[in-house]
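Structure first, commentary second.
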Amino acid sequence: MAGKRSVICVVKFLCGVGLGYYICYVLINGIGTLLIQFLNDAHGAISDSDNHQRRYLEGTISFNTRQHKDESRSLADDLYKRVRILCWVMTGPQNLEKKTKHVKATWAKKCNVVLYMSSEVNKDFPTVGLDVKEGRDQLYWKTIKAFQYVFDHHLNEADWFLKADDDTYVIVENLRWLLSKYSPDQPIFFGRKFKPYVKQGYMSGGAGYVLSREAVKRFVDGFKTGKCTHFTSTEDLAMGRCLESVNVEAGDSRDTNKRDTFHPFPPEHHLTTSYLPKTFWYWNYCFYPTEEGPGCCSDLAVSFHYIDSKTMYYLEYLTYHLRPYGYKYRYNPDSEAKKLE
């Protein structure tokens with residue numbers, strides 16, 4: 001009898017150990033998977049970003065530009081000729097109707113050249129089909145292939161080369177002003193500079209970043225020489241590591257008042273005090289001291305990220321059409337720069 005009980009106790013013990021081992025295995029693997037997903041999306045996307053993307057428009061909106069036909073654009077037109085920007089937009093077949101067509105209808109019109117980079121060719125849109133799959137784990141491959149395509153087919157058509165997502169809004173004229181102080185033959189790139197993992201900093205992928213012509217040459221050459229490799233799917237971090245290894249400078253994109261121009265979130269996230277809690281990863285990633293509230297953002301802001309289709313048109317209206325009566329533009333960055341000299 002005692003022997004039978006001992007056997008039963010041993011069986012129960014072994015079952016308990018086995019069950020405990022299985023539970024631990026499931027938990028550890030689950031946590032590991034979540035950790036890998038978090039590291040691959042190292043900047044932990046804002047919680048309501050999915051809600052932003054559900055509110056998309058079926059059609060596009062055309063603004064009446066004739067009401068501004070007498071407005072002076074001489075400075076902007078001059079910069080359009082002198083600071084040529086090729087914009088390539090990272091997208092996919094599933095986003096053309098939800099997101100990308102609204103980029104095409106708004107800010108992309110201001111680029112000197114615009115390309116839509118996808119995994120498939122769409123001759124009607126049109127998109128460039130790269131030899132990559134879709135998915136977050138493919139973002140850096142898509143970036144590598146896109147810049148290689150630009151290098152092979154469009155290098156001499158522009159001076160600067162902007163990468164933007166299909167949910168990023170860009171004020172291209174403000175980007176031209178920023179870049180007008182630099183030469184495209186200088187190995188440099190600009191964006192919203194983050195500080196972890198790369199000594200000189202790297203640029204937020206969502207806020208967009210722009211490379212000089214020389215920087216594009218060095219990036220493409222880096223993969224030919226082996227100085228750059230695809231070591232992670234975290235696109236912006238990998239981009240920063242590669243560019244640092246080929247001696248491309250991570251430039252300072254702040255305005256003359258040290259306010260940020262590239263923004264990884266929508267305007268309300270930056271303008272509203274305490275919208276982003278101090279425990280949020282963002283505050284530890286910012287390379288330069290960053291304000292929250294109205295002092296966060298330059299009057300000559302370049303970009304905002306996580307912009308849904310409706311907000312794309314709101315920003316287009318507020319940027320190019322809304323005017324307060326009786327005001328002259330107050331912030332003159334060129335005069336501010338002279339004061340600092």
| If the viscosity is 1.306 mPa s and the temperature 10 °C, what Stokes-Einstein diffusion coefficient in µm²/s follows for the range 119-237 when Rh is the Kirkwood radius over Cα pairs? | 104 µm²/s
| query | Volume per residue, Å³, of the convex hull around the alpha-carbon atoms of the range 152-295? | reply | 123 Å³
| request: Would you mind getting the Kirkwood hydrodynamic radius of the range 198-262 from its Cα pairs, rounded to one decimal in Å? | output: 12.5 Å
| field | Relative contact order (percent, whole number), the range 170-276, Cα cutoff 8 Å, 6+ residue spacing | value | 30 percent
| When each pair of different Cα atoms in the range 240-341 is counted once in the 1/r mean, what is the Kirkwood radius in angstroms, to one decimal? | 15.9 Å
| field | Net charge of Cβ neighbours under 14 Å - reference GLY226; Lys, Arg +1; Asp, Glu -1 | value | +3
| query | Gap in Å between the Cα centre of the range 160-238 and the Cα centre of the range 242-315? | reply | 15 Å
| task | Filter the cross-link list LYS110/LYS193; LYS81/LYS133; LYS81/LYS195; LYS81/LYS142; LYS109/LYS142; LYS110/LYS227 down to pairs whose alpha-carbon distance in this structure exceeds 32 Å. | result | LYS81/LYS133; LYS81/LYS195; LYS110/LYS227
| message | How large a share of the accessible area of the range 185-341, in percent, is made up of carbon and sulfur atoms when the probe is 1.4 Å and the other protein chains stay in place? | response | 52 percent
| request: Please state, as a whole number in µm²/s, the translational diffusion coefficient that the Stokes-Einstein equation yields for the range 65-127 at 4 °C and 1.567 mPa s, with Rh defined as the Kirkwood radius across alpha carbon pairs. | output: 97 µm²/s
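The values are calculated or read from the model by the stated rules, or taken from the named source; none is laboratory data. Here the structure is a predicted model, which means the values were calculated and not measured. As a convention, Cβ positions derive from the backbone with ideal geometry for all residues, glycine included, and neighbour counts pool all protein chains shown. Remember, those area values only see protein heavy atoms, side chains included, never the ligands or the DNA or RNA. Shrake-Rupley method; radii C 1.70, N 1.55, O 1.52, S 1.80 Å.
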